[in-house]
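Step one of this worksheet: look at the structure below.
Bear in mind that the values in this text are calculations on the coordinates, not laboratory data. Being a predicted model, the structure only gives us computed values, none of them experimental. Please note: Cβ atoms are built from the backbone with ideal geometry, for glycine as well, and neighbour counts cover all protein chains shown.
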Ligand code: 13P
């Protein structure tokens, strides 16, 4: 059976008090269908609240939205991989489009953050994706390959998780079609396996909702979804993680 991942990126929403209420509502909706995992990426202040709500859960885990690459020190406002892990994170998003485009994070930064994540025993989820201008110029695969290489180097080992999130599809209501996404996922998978990756998991993100999740997940290249807006309501999210997949 395919294992499908449903990842919720809350971005700058849902503080610790609301996070406990959210997790209670979400967990009250019942057991996850088998063969599914849920990864929740709250803002850093809510990590511990989410992680504590998940005690004893095997297939639902918490992750950080970002980390800084230094292990500790005078870096006001930043959190290290070790601090995120101590708050209960098991995963971390690296190079999310908003980190790159709003906060000016570079390809080189993502490489340092990947290394820091692994050093702190956090499983990284590397986010890649092209802008509309790059897509229209036919540069999608070149951009994605550049982002992969900068973050992962020329050799990858073991298990790698990538989230393909076309920038033009994030928060716009315009999702990539399952076929658009599958073409890029296939190219990413080939890139990874050519460089030694043993297990690859590629999530799609960008305006995923209750309306389009079933069609996206029916595409065998799509191993799961990374969801922003449609993950903010616990009831709707509980419904989304139960989406049928053909
Ligand atoms: P939306 O689902 O709101 O488009 O956000 C996607 C995203 O950036 C998830 O990381």
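Computed over the Cα atoms, what is the radius of gyration of the chain divided by 2.2 N^0.38 Å, N being its residue count? The partial results should precede the final answer.
Numbers: Rg = 16.8 Å, N = 246, 2.2 N^0.38 = 17.8 Å.
That ratio works out to 0.94.
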- prompt: Relative to the present Cα-Cα distance, how much length would full extension add between residue 57 and residue 75 at 0.36 nm per residue of separation?
  reply: 3.2 nm
- request: Evaluate the distance, in nm, between pseudo-label points positioned 7 Å from the Cα of residue 242 and of residue 195 along their respective Cα→Cβ axes.
  value: 4.0 nm
- request: Taking the Cβ of each residue in 231, 46, 245 as the centre, tally the other Cβ atoms inside 10 Å and list the residues starting with the fewest.
  value: 245, 46, 231
- prompt: How far is it, in nm, from the label point at residue 2 to the one at residue 145 when both lie 7 Å from their Cα along the line to the Cβ?
  reply: 2.6 nm
message: With viscosity set to 0.692 mPa s at 37 °C, what whole-number translational diffusion coefficient in µm²/s follows for the range 180-246 from Stokes-Einstein and a Kirkwood radius over Cα pairs?
response: 257 µm²/s
query: How much length, in nm to one decimal, is gained on full extension between residue 86 and residue 215, taken as 0.36 nm per residue of separation minus their Cα-Cα distance?
result: 42.7 nm
message: I need the Debye-formula profile for the range 1-137: one equal scatterer per C-alpha, no solvent, reported as log10 I(q)/I(0) at q = 0.09, 0.10, 0.22 1/Å, two decimals.
response: -0.29, -0.35, -1.35
task: Would you mind getting me the FRET efficiency between residue 28 and residue 119? Use the beta-carbon distance for r and R0 = 35 Å, nearest 0.05.
output: 0.45
- prompt: When only C-alpha pairs under 8 Å and at least 6 residues apart count, what is the relative contact order of the chain, in percent?
  reply: 20 percent
- line: Computed on Cα atoms, Rg of the range 70-122 relative to 2.2 N^0.38 Å comes out at 1.11
message: So, R0 is 25 Å and r is the distance between the beta-carbons of residue 101 and residue 177; what FRET efficiency does that work out to, to 0.05?
response: 0.65
- request: Using just the alpha carbons, could you tell me how many Å³ per residue the convex hull of the range 93-225 encloses?
  value: 103 Å³
